[in-house]
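What follows is a single structure, written as structure tokens, with notes after it.
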Amino acid sequence: MKHTLIAALFASAALVSTGVQAMTSIQNETDVEMVALKVANETVQGGYKLIKMEEVKKMIDAKEDFVLIDAHPRWEYEMGYIDGATNFGFQSNMVGDWAKDVADGAPTQDDYRKMLGPDLNKKIVIYCGFTKCGRSHNAAVWARKLGYTNVYRAPGGITAWKDLGYPYKVVPNAKHAYPNK
């Protein structure tokens, strides 16, 4: 009887553990699906294309001529960026008003145009922090609004870049903490 009770307790614990793992797996799948749908909807809305960080790395290694934009606010850019990227900060949530959509003291649309260059057909790749980050979406949408036709968003951002083990730069002596608000 004692052995049966102990076996039943272990079996119950195993079932509960399996149920929790299944719920966790389902929740993880749901989370992944929600992020994927968000990115897909943003891509359709924004009229740009998506690109994987592995492809960006190949472009860099091949010395392909393209514009690489990091859409973080300056202080986040300084914590880690892809060599060759130019920083132009955008907000996470798009409002549709330039002054509210950009970060870092509201640089002008002309500043962004200068950074993107005069060739409206040149390949532009934009990234931010990670897949859920909306900054790269905002930057890509504004590039499209300004007439650029070959715009790509790398949704994994600098996090995917680092996770793949690719080298990145950090601004020396930069304040690598959240700014005081």
key: Summed side-chain charge close to K38 - residues other than K38 whose Cβ falls under 13 Å, Lys, Arg +1, Asp, Glu -1   = -1
key: Proxy reagent accessibility, fewest Cβ within 10 Å first, across W161, W98, W75, W142   = W98, W75, W161, W142
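Counting only other residues whose beta carbon sits under 14 Å from that of K63, what net charge do I get with K and R as +1, D and E as -1?
Numbers: positive: K57, K58, K123; negative: D61, E64, D65, D83.
Charge balance in the 14 Å sphere: -1.
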task = Would you pull out the residues with amide H under 5 Å of L50's amide H, same chain only if 5 or more places away, H placed 1.01 Å from N?
result = R153
key: q = 0.16, 0.17, 0.18 Å⁻¹, segment 43-163: log10 I(q)/I(0) [Debye, one scatterer per Cα]   = -0.66, -0.75, -0.86
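Using per-residue counts of other Cβ atoms within 10 Å, averaged over each peptide, order 149-155, 32-38, 133-139, 48-54 from highest down. Intermediate values should be presented prior to the final figure.
Values: 149-155: 22.3, 32-38: 11.9, 133-139: 26.3, 48-54: 17.3.
Going by the mean number of other Cβ atoms within 10 Å, highest first, we get 133-139, 149-155, 48-54, 32-38.
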remark   = Checked against the positive end of the charge dipole of segment 17-159 (+1 on Cβ of Lys and Arg, -1 on Cβ of Asp and Glu, about the Cα centre), the farthest of A71, L116, A36 is L116
Approximate spin-label separation K52-K38, in nm, with each point projected 7 Å along Cα-to-Cβ = 2.2 nm
query = Is there a pair in K38/K63; K114/K169; K38/K122; K122/K169 whose C-alpha atoms are over 30 Å apart, and which pairs would that be?
reply = K38/K63
ask   = For T149, what charge total do you get from the other residues with a beta carbon under 13 Å from its beta carbon, if Lys and Arg give +1 and Asp and Glu give -1?
value = +4
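Each reported figure results from applying straightforward, stated rules to the coordinates on display, with no laboratory input. Just so we're clear, the structure is a prediction, and the values are computed from it rather than from any experiment. FYI the Cβ positions are ideal-geometry reconstructions off the backbone, even for glycines, and counts take in every protein chain you see.
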